[in-house]
Each structure stands twice: as C-alpha cells, then as structure tokens.
1. Only residues that are surrounded by fewer than 24 Cβ atoms within 10 Å (Cβ to Cβ) and in a strand (DSSP E or B): list them for the stretch 182-204, please.
2. Do you know which residues across the stretch 29-44 are under 15 Å from VAL65 (Cβ atoms) and either of a type outside the set (Ser, Thr, Tyr) or exposed (fewer than 14 other Cβ atoms within 10 Å of the Cβ) (or both)?
3. Could you tell me whether the stretch 18-28 includes any residue that is assigned to a loop (DSSP other than H, G, I, E, B), within 18 Å of THR93 (Cα to Cα) and modelled with pLDDT of 95 or more?
4. What number of residues in the stretch 357-406 are assigned to a loop (DSSP other than H, G, I, E, B) and either touching a residue at least 24 places away in the same chain (Cβ under 8 Å) or over 30 Å from the mean Cα position of the chain (by Cα) (or both)?
5. Scan the stretch 344-352 and give yes if some residue there is within 19 Å of SER286 (Cα to Cα), touching a Phe, Trp or Tyr at 6+ places or on another chain (Cβ under 6 Å) and crowded, with 16+ Cβ neighbours inside 10 Å, otherwise no.
6. Mind listing whichever residues of the stretch 126-164 are in contact (Cβ under 8 Å) with a residue 60 or more places away in the chain, outside any loop (DSSP other than H, G, I, E, B), of a type outside the set (Phe, Trp, Tyr) and under 21 Å from GLY68 (Cα atoms)?
7. Given the condition surrounded by fewer than 22 Cβ atoms within 10 Å (Cβ to Cβ) and either in a strand (DSSP E or B) or over 12 Å from the mean Cα position of the chain (by Cα) (or both), answer yes or no: does some residue in the stretch 166-173 qualify?
8. Is there a residue in the stretch 484-493 that is of a type outside the set (A, V, I, L, M), open to solvent by less than 40 Å² (accessible area, probe 1.4 Å) and within 22 Å of TYR158 (Cα to Cα)?
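The values are calculated or read from the model by the stated rules, or taken from the named source; none is laboratory data. Model, not experiment: these values are computed from the prediction. As a convention, Cβ positions derive from the backbone with ideal geometry for all residues, glycine included, and neighbour counts pool all protein chains shown. For accessibility, only protein heavy atoms count, side chains too; no ligands or nucleic acids. Shrake-Rupley method; radii C 1.70, N 1.55, O 1.52, S 1.80 Å.
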Amino acid sequence: MLIQRKFLPSLAAALLWLMTSAASAATYYVATTGSDSTGDGSTANPFKTIGAGLNKMASGDTLIVKAGVYQDKANFINPRINKVPSGAPGKYTTIMAETPYSVRIKNTAALDYYDNLVLLDGSYVRVDGFVFEQVNTQYPPTTGFMAGNHNKITRTIYKRVGKTENYGGWFWMGGTDNLLEDCAGVGSARYGFAIGGPTDNAQRLIIRRCVGRVDYSISTEPKATFNVYGNDNGNTNVRDILLQNCIAVDGRKGPTTGDVTYGAFYFPKNPLNVTLQGNIALNVESEYADFFIKEMLGDNIKMVNSVAWGAKAPSGIRANGTSSNTSLSLDHVTVGGHASAYYNKDAAGARVLTNSLFVNNTALADGSDAGWSTMTNNGFFPTTQLKGLNPLSATSSTLKYIVRPEAGSILSSKATDGGDVGATITKRYGKSGTLWGESGYDQLTTESLWPWLYEDHIKAVFAESNPAPSGAVPSTNDTTRGFAGSTDAFGKPQTLTRYIWQYLNNQIPADIYGTAPAPLQAPSGLKATLVK
C-alpha cells in the first residue's frame, strides 16, 4: 500500500505517522508501458522512467522495475541526476529489477564526468538485478560508481562499448563498508573493477563472486581486470579489502604504448590488509603476472585457495614490494602453465608460501628470487623444481581439475592444516549479503560455488556483439571466445562452470550438474517473492 505523505497538524498524529512509516515503507513500480504524468507508481499504474520512481521515494522505500530496456539519463540510478534517498540500518532503500538481469539501463548519448549509470554516494542503499550498458561515450570514466557507506550492489552486469577515456572501466568502488556481489563486467576497460586510488581512503570493502573479461582498451595507463589501488600517501588509507570468488577470464592485453596490462589482478602502490579468497585468473593476457599483488609499501597481502593458470601471463604471481616491515602470505595456491610460477623480489620481512601447488611451469621462480621466510608442504612438477621443507613430487597429470586436488592423490591430506595441497575452490566464501565485520563475511561457507549462479545471464551479455573501435588494442573482438562459446569439447552447451572445470581436458564431474542448481536467491533482506 502506498503511504500518502502530507502535513499532519497535531503532534500525536505526527508521531502516529512516523511509527506507521517506519513499519511500512512504500513500494513503487516502473514499467516501459507506464506513464510519468498519470502513473502513481502502483503495480497496476506504474511510472515509465526509473527517475520518476526514484524522485517519489523516501528513505527505506523500494522501487521495483519491470523487464525492458530503459534509455538514457531519465533512468540512471544516480543522485546527481535523480534522487536516491539514503536508507538506515535495517531499513535499506532498495532499487531492484523485478526479475534479475531482465532490466537493461542503456546509454548512447554524450555524458559528463559524473553521469554514471549507477552512482551511490549515500548510505544504506541497495541496487539489485540490472544490466548497465554504456555505449560510445568516454565519460563517465566508469559505468558504475559506489562510495558512501553500507551500500550494496548485487546481481548486476556492466557492459562497456567503444572508447573509454584513459582511466575508464566498468566499476569503481570506494567509501567504507560497501559490497559488490554476484556481478560481472565485460568490454572496454583500463581497470575493470577498481577499488581505491591515489588520494582515496577506501576501507572495509568486499567484492564477492564477480566475473570480468577485458575485451580491448585504448588506455596508456596500467591495466587490469581487478584492481586495488593504495593511496599514494602511505599504506594505511586504502585498507581492509576482500576479494572473494572473483574470476578474471579470457582477458586481452591493451596498448603497450605507455603502461601495459599488469595482470588479471593488480594491487599498485600502498594498500593494507588485502585478502584474496577463492579467486581465479584463467587464460588472461598480461605483461607481468596473473596476480600482481604487491608493490611499494603494500602490506599484509594474503592469497588463499586461489588459482593462476595459463601461458598468457609470464608469471602466475608477482610481488616486488620495497619495505621490509611488511608481510606477504600465499596459502593453498595453484599455479600452472606459466614461464615462471612466481616472481618474488619482495622485501617483506615475512614471506610465507605454504600448501601450494606449482605444475607445468617452465621455471619455478623468475630471476633473482628473494626466497621465502617460510616455505613448506608445497607440491611441484617437474621435480627439478622441488624446494623448501616437506616438498611433494607431483606429476603432469596430478590435477584433473584446476579448482581442486583429487581425493587419494599425492596432494590429499598433505597440507600443514590437514587439508589438500593446492587450491580448493568448490564452496562460496562469505555469507551472501554480508558487509565487513558481519557474521560470516570472511568465512568459507558450506554452499556450493558450482554451477556458477547466473552464468547463463552472464554468458548471454558477454557474447553480445561489441566490435573494437578504431585505435583500440586488440583491434578485433571475438565475443564468443572461451566460456562464451556454443559447445564444449564433450558436445555439451558451454558454460563458465564447464569451461573452468574442463580446462585440463577432463570432463566435469557428473555431480556438478547432476542435480538442479540452487534456485535464484534474493540477496539478504530482499523479499524472495520479488524474485521470479
């Protein structure tokens, strides 16, 4: 029921209205068949534009957008263009697609610097279920932008078509205590998903279960799919960052004039307390490494249960920080198919490498290896690369799947914690919807990661035509490469799940798709009845 907001003459009536309002926030609807002039925002008489719905909302209200394509600024979720009221603890302001990924907000007109298709800079706002497509406009630098605090953007896809400006990409994240979850980005980018910056103070941020594929770029700046940029002024300003179950896949290198593509994951300058849990870099072109995770004064960088695989990056992991008063930790990592497994010239006083697997890399280390202060219970093939305490002799066929060791193999139960050596990426990290510090936000759950939720929606957008513009590198773009192809090597429909599991040419275990995938779940706090 819509609540009429009007002047109430008595204090008693005002108090009654406030109590009623707190208990029953309003819900409004938008549809392409609606009307901004005669619509009242009800499901039977919706508004026509998202902007009209936003401008009607108050704190804690919900706006539900029915399926369709919504063009240009009148439909942007951006308080610099249309009102986006902040919510409150336990009472989020929510803007959501009625059915996940059924609503596309698209722009083809010229835009200014802060005309992001989605921009959150208040607090306690949640956006869910949209596809955002920015076409042939250099500004704004990123299609999505999130600052403020306690904001959540879930189940969204960012597609960038044509030239960006030199710093352009899909999504920038700052502020404090914010969450980006179950999202994807594709197309043109310098940094695809970016956190922080030279003067930023981003803290307690989480990117969870996001997929990125860089197709081309015009940028002469450093480039990567996922980026955490530490403040230039020291190592305490951009801090406390989690990347959980994120995947960089099939990425292409951009221009080598100026700065190059540094990696699938790249953490420049001075970030503090960055943890990677269950991440994958697969078949991504770069000049340096799949995971370039430490430089300058970067400190307390941790990588757990993550995979770097493919010959398109010289090294799997790279660290070359300059301070001895820092730490670097790699645990249960799998690296395969590179010229060198790692490039470790880091000056950190604590350099820990444990329970990790290095197979089919031409060399273990690149050049003058700085070594590890702790190096134990790691597996290697070829055996000439055996190193450290309690090393395990693997074989070229030790792994069937890059995301897990097999039960009963030489890797089984040989880790210092009693687990398997190498990465195991089969469960989701982080309780869905949780922000930094909330119960389960950084824990391994019992929920299966596979089949990847919403993989059909992601593939459909990634496979859409997106020709490289003049001056872009590379100059052509096959959008149906890799997991966006039609069938796998075994004659089954290609999916992100099959592509990753079958990368070593072994058919996916029957139980992955043997039962129906988990139903589409609304993010925490959203009514399940709103998800078709």
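1. So in the stretch 182-204, the residues surrounded by fewer than 24 Cβ atoms within 10 Å (Cβ to Cβ) come out as 197-201, 203-204.
Of everything in the stretch 182-204, those that are surrounded by fewer than 24 Cβ atoms within 10 Å (Cβ to Cβ) and in a strand (DSSP E or B) turn out to be GLN203, ARG204.
2. VAL30, ALA31, THR33, GLY34, ASP36, GLY39, GLY41, THR43
3. Scanning the stretch 18-28, I find at least one residue that is assigned to a loop (DSSP other than H, G, I, E, B), within 18 Å of THR93 (Cα to Cα) and modelled with pLDDT of 95 or more, so the answer is yes.
4. Looking only at the stretch 357-406, we keep the residues that are assigned to a loop (DSSP other than H, G, I, E, B), and these are 360-362, 366-373, 377-378, 382, 386-388, 390-391, 394-400, 402-403, 405-406.
From what is left, the residues that are either touching a residue at least 24 places away in the same chain (Cβ under 8 Å) or over 30 Å from the mean Cα position of the chain (by Cα) (or both) are 360-362, 366-373, 377-378, 382, 386-388, 390-391, 394-400, 402-403, 405.
Residues in the stretch 357-406 being assigned to a loop (DSSP other than H, G, I, E, B) and either touching a residue at least 24 places away in the same chain (Cβ under 8 Å) or over 30 Å from the mean Cα position of the chain (by Cα) (or both): 29 in total.
5. Within the stretch 344-352, the first condition is being within 19 Å of SER286 (Cα to Cα), and the residues that meet it are 344-345.
Checking the rest, the ones that are also touching a Phe, Trp or Tyr at 6+ places or on another chain (Cβ under 6 Å) come to none.
No, there is no match, as no residue in the stretch 344-352 is within 19 Å of SER286 (Cα to Cα), touching a Phe, Trp or Tyr at 6+ places or on another chain (Cβ under 6 Å) and crowded, with 16+ Cβ neighbours inside 10 Å.
6. Answer for the stretch 126-164, where residues must be in contact (Cβ under 8 Å) with a residue 60 or more places away in the chain, outside any loop (DSSP other than H, G, I, E, B), of a type outside the set (Phe, Trp, Tyr) and under 21 Å from GLY68 (Cα atoms): ARG126, ASP128, VAL131, THR154, ILE157, LYS159, VAL161.
7. In the first step, residues of the stretch 166-173 are kept if they are surrounded by fewer than 22 Cβ atoms within 10 Å (Cβ to Cβ); the result is 166-167.
Going one step further and asking which of them are either in a strand (DSSP E or B) or over 12 Å from the mean Cα position of the chain (by Cα) (or both), we end up with 166-167.
Checking the stretch 166-173: at least one residue is surrounded by fewer than 22 Cβ atoms within 10 Å (Cβ to Cβ) and either in a strand (DSSP E or B) or over 12 Å from the mean Cα position of the chain (by Cα) (or both).
8. Scanning the stretch 484-493, I find at least one residue that is of a type outside the set (A, V, I, L, M), open to solvent by less than 40 Å² (accessible area, probe 1.4 Å) and within 22 Å of TYR158 (Cα to Cα), so the answer is yes.
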